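K.L.:
Handing you this structure, nothing more for now.
The values are calculated or read from the model by the stated rules, or taken from the named source; none is laboratory data. Worth saying up front: this structure is predicted, and the values here are computed from it rather than measured. Here Cβ is always computed from backbone atoms with ideal geometry, including for glycine, and neighbour counts include all displayed protein chains.
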Amino acid sequence: MRIHTAVIVALAVCCAVAPAFGAEPIKIGAFFALSGPAANIGTPTKLVAQMAADKINKEGGINGRPIELIVGDTESDPAKAAVIAKKFIFSDKVAAIIGPTSTAEGMSVKKIVEEAGVPIFMTVGGDPVIMGGNFGAYTYVFKSPQRSSTAAQKLYGYLKAKGLTKVALLTASDSFGKDGLGWLEKLAPEFGISFAAKESFGPSDTDMTAQLTKIRSAAPQAIITWTIGPVGSIVAKNKAQLGIAIPLFQCHGLPDPKYVELAGKASEGDRMPATKLMVAETLPSSDPQKKVIAEFVQLYQGVYKHDKEFPINTHSGYAWDAIAIVADAMKKAGTDPKALRAAIEQTKGYVGVSGVYNLTAEDHNGLGVDSMVMVQVKNGKFVPAE
């Protein structure tokens, strides 16, 4: 009898919180790396996407219509991402797509969504997905994480202020690493940065001792690594093992408690650009993002308790912002692809978890350098960089 009563109470609470929808749901494709090398990023991103959809539905949905996420696992494979994108468009008939996880996956679906004319808000780090020219059109492609170029500017500004102008680059050979390398090289003259050495590694490599040994011989003032995932922690450990004392800077893809967990004491002092989410408690009350981030953290940790398995990291807000912007655009323009795309592009002043978004026809990201902060690892935690 007690169990039966508990079930009735639980159902009553559920019904009281979630409104009853009679209208047809709006389907949104949501695909992430739920398995494979990038699953540590893709899996929590999927959880946040569902969290965002739940919040929108509890508040009445899109003009009375609920959001229904059609979830897909890219398996960290660009080819698989392309297959799922086609399924979303031609079989599921989604109104929009959120994801995928990696830049390579994003590039594999870019042409597909452009030709089909279906808006996609990506959660990938690299810039090529929203760059034209040789990278292809991006009329229907948007992305929520800061551009690699924005992160490079933030990092270089910090280095210049600290008088660290002779650096060594150690970048991954994948799409994300190459994108970072390109921007680091292009922006260097603007900040008076010169390169003592340039080395690369495979994203699945397990030892960078050889590259770091060459870098040590070149005598730079600092090392910049551009990669994502566990391999960044290997760089930190190899650097410590070699006794290299100069500072290590990582890119905007690595502010994550997992980085500290994997690198251990070797991560102490490492610095990198990040979203304000990583230092939320230190934000002044005047910061427009503070209230938004506080609400997100409360839901993520206090209600859904996702932090027990996936502690908050710099990626955590990307799917939230992507879905929220798409939902706001749907409320204004409906689900017609062309009208929806135009409404997304006209987003101005949206205060998100990852920044204040101001999109334009030329900029399908809409975040500036002021949306980022420099953080460092201190006593095993991320704090504002000194």
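K.L.:
In the stretch 167-194, which residues are surrounded by fewer than 17 Cβ atoms within 10 Å (Cβ to Cβ) and in contact with a strand residue (DSSP E or B) (Cβ under 6 Å, 6 or more places away or on another chain)?
P.N.:
173, 194, listed by residue number.
K.L.:
So for the stretch 331-343 (the condition being assigned by TED's automatic domain parsing to the domain that holds residue 118 and closer than 20 Å to residue 54 by Cβ), does at least one residue qualify?
P.N.:
Checking the stretch 331-343: at least one residue is assigned by TED's automatic domain parsing to the domain that holds residue 118 and closer than 20 Å to residue 54 by Cβ.
K.L.:
Taking the criterion of being more than 29 Å from residue 181 (Cα to Cα), touching a strand residue (DSSP E or B) at 6+ places or on another chain (Cβ under 7 Å), outside any helix (DSSP H, G or I) and without any contact (Cβ under 8 Å) to a residue 60 or more places away in the chain, would at least one residue in the stretch 106-121 satisfy it?
P.N.:
We begin by selecting, within the stretch 106-121, every residue more than 29 Å from residue 181 (Cα to Cα); these are 115-118.
Narrowing the set further to residues that are touching a strand residue (DSSP E or B) at 6+ places or on another chain (Cβ under 7 Å) leaves 118.
From what's left, outside any helix (DSSP H, G or I): 118.
In the following step, the residues that additionally are without any contact (Cβ under 8 Å) to a residue 60 or more places away in the chain were identified as none.
No, the stretch 106-121 contains no residue that is more than 29 Å from residue 181 (Cα to Cα), touching a strand residue (DSSP E or B) at 6+ places or on another chain (Cβ under 7 Å), outside any helix (DSSP H, G or I) and without any contact (Cβ under 8 Å) to a residue 60 or more places away in the chain.
K.L.:
Tally up the residues in the stretch 309-337 that are in a loop (DSSP other than H, G, I, E, B) and of a type outside the set (Gly, Ala, Ser), please.
P.N.:
Step one: list which residues in the stretch 309-337 are in a loop (DSSP other than H, G, I, E, B), which gives 309-317, 334-336.
If we keep only those that are of a type outside the set (Gly, Ala, Ser) too, we end up with 309-315, 335-336.
Within the stretch 309-337, residues that are in a loop (DSSP other than H, G, I, E, B) and of a type outside the set (Gly, Ala, Ser) number 9.
K.L.:
Identify all residues within the stretch 242-253 that are buried (at least 20 other Cβ atoms within 10 Å of the Cβ) and out of contact with any strand residue (DSSP E or B) (no Cβ under 6 Å at 6 or more places or on another chain); write none if there are none.
P.N.:
Within the stretch 242-253, the subset buried (at least 20 other Cβ atoms within 10 Å of the Cβ) is 248-253.
Within the stretch 242-253, 253 is the sole residue that qualifies.
K.L.:
Restricting the search to the stretch 147-192, which residues are in a loop (DSSP other than H, G, I, E, B) and within 30 Å of residue 77 (Cβ to Cβ)? Can you show your working first?
P.N.:
Within the stretch 147-192, the first condition is being in a loop (DSSP other than H, G, I, E, B), and the residues that meet it are 147, 162-165, 173-174, 192.
Scanning the stretch 147-192 gives 147, 173, 174.
K.L.:
Residue check: is residue 340 in contact with a Pro (Cβ under 9 Å, 6 or more places away or on another chain), part of a helix (DSSP H, G or I) and in contact (Cβ under 8 Å) with a residue 12 or more places away in the chain?
P.N.:
Values: in contact with a Pro (Cβ under 9 Å, 6 or more places away or on another chain): yes; part of a helix (DSSP H, G or I): yes; in contact (Cβ under 8 Å) with a residue 12 or more places away in the chain: yes.
Criteria met by residue 340.
K.L.:
Ok, one more. So which residues in the stretch 349-368 are surrounded by fewer than 16 Cβ atoms within 10 Å (Cβ to Cβ) and touching a Lys or Arg at 6+ places or on another chain (Cβ under 8 Å), if there are any at all? Break it down into steps so the answer makes sense when it comes.
P.N.:
Taking the stretch 349-368 first, the residues surrounded by fewer than 16 Cβ atoms within 10 Å (Cβ to Cβ) are 349, 358, 360-363.
Passing the criteria: only 358.
K.L.:
While we're on this one: Kindly check whether there is at least one residue in the stretch 187-196 that is free of Cβ contacts under 8 Å to residues at least 24 places away in the same chain, on the phi < 0 side of the Ramachandran plot and not assigned by TED's automatic domain parsing to the domain that holds residue 108. It would help to see each step written out before you state the result.
P.N.:
We begin by selecting, within the stretch 187-196, every residue free of Cβ contacts under 8 Å to residues at least 24 places away in the same chain; these are 189.
Imposing the further condition that a residue be on the phi < 0 side of the Ramachandran plot reduces the set to 189.
Going one step further and asking which of them are not assigned by TED's automatic domain parsing to the domain that holds residue 108, we end up with 189.
Taking every residue of the stretch 187-196 in turn, at least one turns out to be free of Cβ contacts under 8 Å to residues at least 24 places away in the same chain, on the phi < 0 side of the Ramachandran plot and not assigned by TED's automatic domain parsing to the domain that holds residue 108.
K.L.:
Does the stretch 129-140 hold any residues that are within 15 Å of the chain's Cα centre (by Cα) and over 21 Å from residue 275 (Cβ atoms), and which are they?
P.N.:
The answer is none; no residue qualifies.
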